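Contents: one structure, followed by commentary.
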Amino acid sequence: MLRLYTHASCLRHDPGPGHAESPLRLKAVLQALDADRFAALDRVEAPRATREQLLRVHDAAHVDRVLGSAPLEDRVQLDPDTWMSPGSDEAALRAAGATCAAVDAVLAGQAPRAFCAVRPPGHHATPGEAMGFCLFNSIAVAAAHAVAAHGLQRVLIADFDVHHGNGTQDIFEREPRVMFVSSHQSPLYPETGFAHEHGVGNVINAPLPGGAGSMEFRETWHHELLPRMHAFKPQLVLVSAGFDAHRDDPLADLRLGTEDYAWITHQLVELAHAHAGGRLVSSLEGGYDLRALAASAAAHVEALLY
Ligand SMILES: [Zn+2]
């Protein structure tokens, strides 16, 4: 059984006409998950994150800025790529709340795994700044929740979005209870995530050159990343599930196919079964070609079912 957390508010956040991070993305994912083979998904409405949950990873000034900046009409710009519309504050609260509720549910044994179909994405948001389409760092809020509220000592975040999760790394690079592992295209926005960035031994970055495809991606995870993730023996596996390394994605130049997302998901589920009682929580990050995003997210969720 797999839990699916989402909320209608996540469709209201609208960065504007022509912006890649459009509400149509989540619509496409939810439509794909309406197929018969997903009838058994346990669909749950995402709650709002609490202020306490957000303050574990974000400065109070940042939380206040996001919660105080949603305009009544039109849009406001927080960084060159990041905008807020009416309702963006609520969307960001539901996105971060989804991941925390999913952590609570899997740790309570209500479901072994959960997927959070939410937006805005989160992995670029730093302790003090919104950036790269991200307002609150939802997966980081979830990891901090697992440590602070549930007392876990080893939480893993696997990030296969094509962009480096700079915000997640910033938040945890001095926190040995959280391991952050990322494959991403480099050079590419946000121009971080070099192999020499190790944190306190808890950060592993695997930059891939533009043009790299299925073989390079799978070899990197199989030989470099997964062995170190197994050695960490995580008690909970969290996933920043971005699908913008797909060959059809307009924002980057990796060459993955839908079947690669099924493959990496199987590896992560196996890792969770080996060390974490199967417990895994995944949250949607990027993915900007609607058709590739929908097919890749469906392949990911299908692999999470087993
Ligand atoms: Zn991305």
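The values are calculated or read from the model by the stated rules, or taken from the named source; none is laboratory data. Small disclaimer: the values here were computed from a predicted structure and weren't measured. FYI the Cβ positions are ideal-geometry reconstructions off the backbone, even for glycines, and counts take in every protein chain you see. Only protein heavy atoms, including side chains, enter the accessible area calculation; ligands, DNA and RNA are left aside. Shrake-Rupley method; radii C 1.70, N 1.55, O 1.52, S 1.80 Å.
Basic side chains Lys and Arg get +1 at the Cβ, acidic Asp and Glu get -1 at the Cβ, and with that the dipole of the chain about its Cα centre reaches some 900 debye. Using a probe of 1.4 angstrom and keeping all protein chains present, the accessible surface of segment 255-306 works out to 32 square angstrom per residue. Is the shape of segment 1-48 best called rounded, prolate or oblate, per the rule: a/c under 1.5 gives rounded, else a/b larger than b/c gives prolate, else oblate, with a ≥ b ≥ c the square roots of the Cα gyration tensor eigenvalues? Note, shape of segment 1-48 comes out oblate.
How would you classify segment 153-306 from its alpha-carbon gyration tensor, with a ≥ b ≥ c the square roots of the eigenvalues: rounded for a/c under 1.5, else prolate if a/b is greater than b/c, otherwise oblate? Oblate. Mind giving me the FRET efficiency for Glu173 and Asp36? R0 is 30 Å, r the Cβ-Cβ distance, nearest 0.05 is fine. With R0 = 30 Å, the Cβ-Cβ based efficiency is 0.10. Classify segment 1-155: rounded, prolate or oblate, from the alpha-carbon gyration tensor (a ≥ b ≥ c, eigenvalue square roots; a/c under 1.5 rounded; otherwise prolate if a/b is larger than b/c)? Because a/c hits 1.5 or more and a/b fails to exceed b/c, segment 1-155 counts as oblate. Close amide H contacts of Arg43 (hydrogens built in the peptide plane, cut-off under 5 Å, sequence separation of 5 or more or a different chain): Leu4. I'd like to verify something in the chain: which complete DSSP H helices, judged by Cα projection on the helix axis, reach 18 Å or more and average at least 0.0 on the Kyte-Doolittle scale? TM-like helix candidates: 88-107, 290-304.
Shown here: segment 79-185, whose C-alpha atoms stretch 39, 28, 23 Å along the first, second and third principal axes, sorted largest to smallest. Amide H to amide H distances under 5 Å link Leu236 with Leu156, where only residues 5 or more positions off or on other chains count and H is placed in the peptide plane. Alpha-carbon geometry of the chain: the Rg and the Dmax are 17.1, 50 Å, given in that order.
Computed in the context of the full set of protein chains, the accessible area of segment 92-137 at 1.4 Å probe radius has 51% of its extent on carbon or sulfur. Residues whose amide H falls under 5 Å from that of Asp161, counting only those 5 or more places apart or on a different chain, are Gly242, with hydrogens built in the peptide plane. Give me the base-10 log of I(q)/I(0) for segment 146-185 at each q in 0.16, 0.19, 0.27, 0.32 Å⁻¹, Debye formula, one uniform scatterer per Cα, rounded to two decimals. Log10 of I(q)/I(0), two decimals: -0.41, -0.55, -0.91, -1.09.
Dividing the convex hull volume of the alpha-carbon atoms in segment 208-299 by its residue count gives 83 Å³ per residue. Among the GluC sites (Glu not before Pro) in segment 157-256, those located in a DSSP loop and surrounded by at most 14 other Cβ atoms within 10 Å of their own Cβ are Glu191. Share of pairwise Cα-Cα distances greater than 15 Å in segment 125-204 is 53 percent (whole percent).
Between segment 49-95 and segment 201-256, the alpha-carbon centres lie 29 Å apart.
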